[in-house]
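The structure appears below as structure tokens.
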Amino acid sequence: DIVMTQTPLSSPVTLGQPASISCRSSQSLVNSDGNTYLSWLQQRPGQPPRLLIYKISNRLSGVPDRFSGSGAGTDFTLKISRVEAEDVGVYYCTQASQLPYTFGQGTKLEIK
Amino acid sequence: QVQLQASGPGLVKPSGTLSLTCAVSGGFISTNNWWSWVRQPPGKGLEWIGEIHHSGKTNYNPSLKSRVSISVDKSKNQFSLNLSSVTAADTAVYFCARERTYWGQGTLVTVSS
């Protein structure tokens, strides 16, 4: 199985300041079709996960543009340019390039 | 907008079978998508259980493969999860999803006598 490792596991951030979450995979996520199926999910307290970013850097419709994704191969990053109160929650990276699909441990974003 | 709603017993006895159904609305299950089950133990992270295509093709997590079965009912626009020989370790919120784009609210299943 591909192991997804996120850092940090907890990120206290001041409102209006940027935040960054790293995700590293134990193997390259480049699929045989040439795509990299790395996504980022947000899970607010008491809610199901919500897809923010797919295929490394594509924002789902309706996701604020303060969220951006980057990376390649085994190293990926989610950035929030200016954190807002509604961004509090747990963020997961997940890969669908190889079965079984796997998730990172989650990074808890909280306001200082 | 596709919506998913998981339902089923909230309490299952140890060694029994957990059975959940996910009703899909706002779209047809017979589209070229994969329909998934993901679970989350209380206070913990996400675990992919498996997925099914409307053609009936399935993929399962090897860690659960011997106990899992996912099926689809196109006439009812829903898909289902069966997990056999459950233990307390299977206590979790179970989510159904269309790939990773649309997620249901999740349903808590507790394994206890």
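Shape descriptor for segment B:56-113: Rg over Rh equals 0.97 (Cα atoms; Rh from the Kirkwood inverse mean 1/r). Across segment B:35-93, Cα pairs under 8 Å and at least six residues apart give a relative contact order of 31 percent.
Could you please tell me the mean projected area of the C-alpha convex hull for segment A:1-40, averaged over all directions and given in square nanometres to one decimal? Walk me through the intermediate numbers first.
Values: hull surface 15.4 nm².
That works out to 3.8 nm².
The Cα trace of the protein assembly as shown gives Rg and Dmax of 17.4, 51 Å, the first to one decimal, the second as a whole number.
Diffusion of chain A by Stokes-Einstein, at 10 °C in a medium of 1.306 mPa s and with Rh set to the Kirkwood radius over alpha-carbon pairs, works out to 114 µm²/s.
In this structure, the residue pairs whose Cα-Cα separation is over 25 Å, taken from A:K79/B:K44; A:K79/A:K112; A:K55/B:K65; A:K108/B:K65; A:K55/B:K74, are A:K55/B:K65; A:K108/B:K65; A:K55/B:K74. Excluding same-chain neighbours fewer than eight residues apart, the lysines reachable from B:K76 by a Cα-Cα span under 22 Å are B:K57. Shielding value for A:47-55 is 4, the average number of Cβ atoms from other chains within 10 Å of each residue's Cβ. Semi-axes of the equivalent ellipsoid of segment A:62-112 are 23, 14, 10 Å, computed as sqrt(5λ) over the eigenvalues of the C-alpha gyration tensor in descending order. Computed over chain B, the P(r) curve from all C-alpha pair distances, binned at 5 Å from the origin, holds 2, 13, 25, 26, 19, 10, 4, 1, 0 percent per bin.
Laboratory data are not the source of any read-out in this text; all were calculated from the coordinates shown. What you see is a predicted model; the values in this text were computed from it and never measured. Neighbour counts run over all protein chains shown; Cβ positions are idealised from the backbone, glycine included.
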